[in-house]
1. Filter segment 1-25 for residues that are open to solvent by 50 Å² or more (accessible area, probe 1.4 Å) and of a type in the set (A, V, I, L, M, F, W, C); which is nearest to the ligand (Cβ to nearest atom)?
2. If I go through segment 162-194 residue by residue, how many of them are modelled with pLDDT under 95 and touching a helix residue (DSSP H, G or I) at 6+ places or on another chain (Cβ under 7 Å)?
3. Can you tell me which of (1) closer than 30 Å to L196 by Cα; (2) open to solvent by 10 Å² or more (accessible area, probe 1.4 Å); (3) touching a Cys at 6+ places or on another chain (Cβ under 7 Å) is the one L113 doesn't meet?
4. Could you look through segment 345-361, keep only residues that are among the hydrophobic types (A, V, I, L, M, F, W, C) and surrounded by 13 or more Cβ atoms within 10 Å (Cβ to Cβ), and pick out the one that is farthest from E294 (Cα to Cα)?
5. Kindly indicate whether any position in segment 90-102 is of a type in the set (S, T, N, Q) and within 14 Å of the ligand (Cβ to nearest atom).
6. On the given criteria, is N177 open to solvent by 90 Å² or more (accessible area, probe 1.4 Å) and closer than 19 Å to N119 by Cα?
7. For segment 32-49, state whether one or more residues are open to solvent by 30 Å² or more (accessible area, probe 1.4 Å), touching a Lys or Arg at 6+ places or on another chain (Cβ under 8 Å) and not in a helix (DSSP H, G or I).
8. Would you confirm whether or not segment 13-31 contains a residue that is closer than 11 Å to Y251 by Cβ, in contact (Cβ under 8 Å) with a residue 40 or more places away in the chain and outside any strand (DSSP E or B)?
Amino acid sequence: MKSVYIHIPFCSNICSYCDFSKIYYNKKIIIDYLNALENEIKNKYNGEIIKTLYIGGGTPSCLSVDELEKLFNIITIFNLDNNCEFTIECNPENLDEEKIKLFKNYNVNRVSLGVQSFNPEILKILNRKHNKKDVFKTVELLKKYNINNINIDLIFGINNQTINDIKEDLDTFINLNIPHISYYSLILEDNTLLALKNYTPIDDDLCASMYEYICGYLNKRNYEHYEISNFSISNYESIHNLTYWNNEEYYGFGLGAHGYINNIRYENTRSITKYLDKKYLFYSDKISKDINIENEIILGLRKIKGINKSRFKDKFSQEIYDTFYLDDLLEKKYLIDDGENIFINEKYLFVSNEILVMILNNIRK
Ligand code: SF4
C-alpha cells in the first residue's frame, strides 16, 4: 500500500510567513492545471492500493465547487483502500456547506484547517483573512456532515505573542472539541513578506518556554504528543504524516510536490509554466543505503516514540547500535532507550536538530 500527496498551489491571499509553492488563485489556469495534474498521475501511478490520500496546498478549498468536483473526479483514478484516510487542507474563510457536501460525496474523511491563531492582532501580522467566528462556524458545519476527524494548525513564537496569548488560543482550541492539533513554531524564511519587512524573530528562550507550555497544556487534556509539533486524541494521529516520519514511500503529484517511490526521492518543478507544459520533474535522486539510514534517523526521531530497534534491524539488516555510537547521548540522557525504542528525551525535543547532528556525526565507519 502507498500514500499519495496532491498539491493544489492556489491561494486567494498570501500569508506573510509563507514559503510554500503557491500562486494567486487564477480561474484562467486552474482547469489547465488540473489537466496537467491528471496527466502526471496517469503517467506515474502504478495502480497500488492507496492507504492515505492528502490534498494540500496552497489552499485547495479556494477552488470553486466545479473545480473541486473536477479534482475529485481525477482522484477516482486511484485504487483507494476501504479505510483510506482522505484529508483535504482548507482555510476557514473559503469553506462552505456546498463544498463540504461535495467532500462527503467523494469520501473525504479528514479536514485540516489552517487557523494559525484566533487572536486578531496575530492574524493581522500573519496576513490571514479569517476570524475566530469563521473557525467555529466551519467546524460546526464539518461536524454536521459527520466529518469529525479535524485538525487545526496553529503557530507560536511570533514577535509580540505572549504565553498568555498561547493559553487563550489553546483554550479556544479546546472549546472546538476536535481531536488533532499541529502547533508549529514560526520559522522566518527568506523571501517571505515577513522577511522583506525586516521582522525581528522572537527570543529563543521565550520560544522554548512557549513550546514547553503547549506540551504541558495539551498533555493534561489527553492530547497525546506523538510528533514534535503534533498532538492528538488517541487513534486520531495523522496516518498520512506518519508515512513520512516512518520513512515510507509515497507519491507526490502537483506543483513543487515531493515524492519517494521505488527508492527514488523526487521533487517537482515550482514553475507553473513548466508544470502546465508537463515538464514536471525538477530533481530526482536514487537513495543509497547510507542516505536511507540517515533519513530514517532524521524522520523517525521526530516521533515521540522514536525508532523501533527491531524494525530498524529488519529494514537495514544491521543493529542501530552497530550503525551509530550512541552511548554518550544515552548517558547524557539526550536519548532514551526503553528496550524497544530509541527516542529523544522530551526535555530536549525543542533542540532536536542539534541532537540529530550529534547522532549523524557519530556514525560507525
Ligand atoms: S500559508 Fe497556506 S494559505 Fe497562506 S499563502 Fe501559504 S499556502 Fe497559501
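The values are calculated or read from the model by the stated rules, or taken from the named source; none is laboratory data. Remember, predicted model here, so these are calculated numbers, not experimental data. Here Cβ is always computed from backbone atoms with ideal geometry, including for glycine, and neighbour counts include all displayed protein chains. Ligands, DNA and RNA are stripped out before the accessible areas are found, and what is left, the full protein with its side chains, is counted by its heavy atoms. Shrake-Rupley method; radii C 1.70, N 1.55, O 1.52, S 1.80 Å.
1. Filtering first and then ranking leaves F20.
2. Looking only at that region, the number is 2.
3. (2)
4. So the residue we want is F350.
5. yes
6. yes
7. yes
8. Within segment 13-31, none of the residues are closer than 11 Å to Y251 by Cβ, in contact (Cβ under 8 Å) with a residue 40 or more places away in the chain and outside any strand (DSSP E or B).
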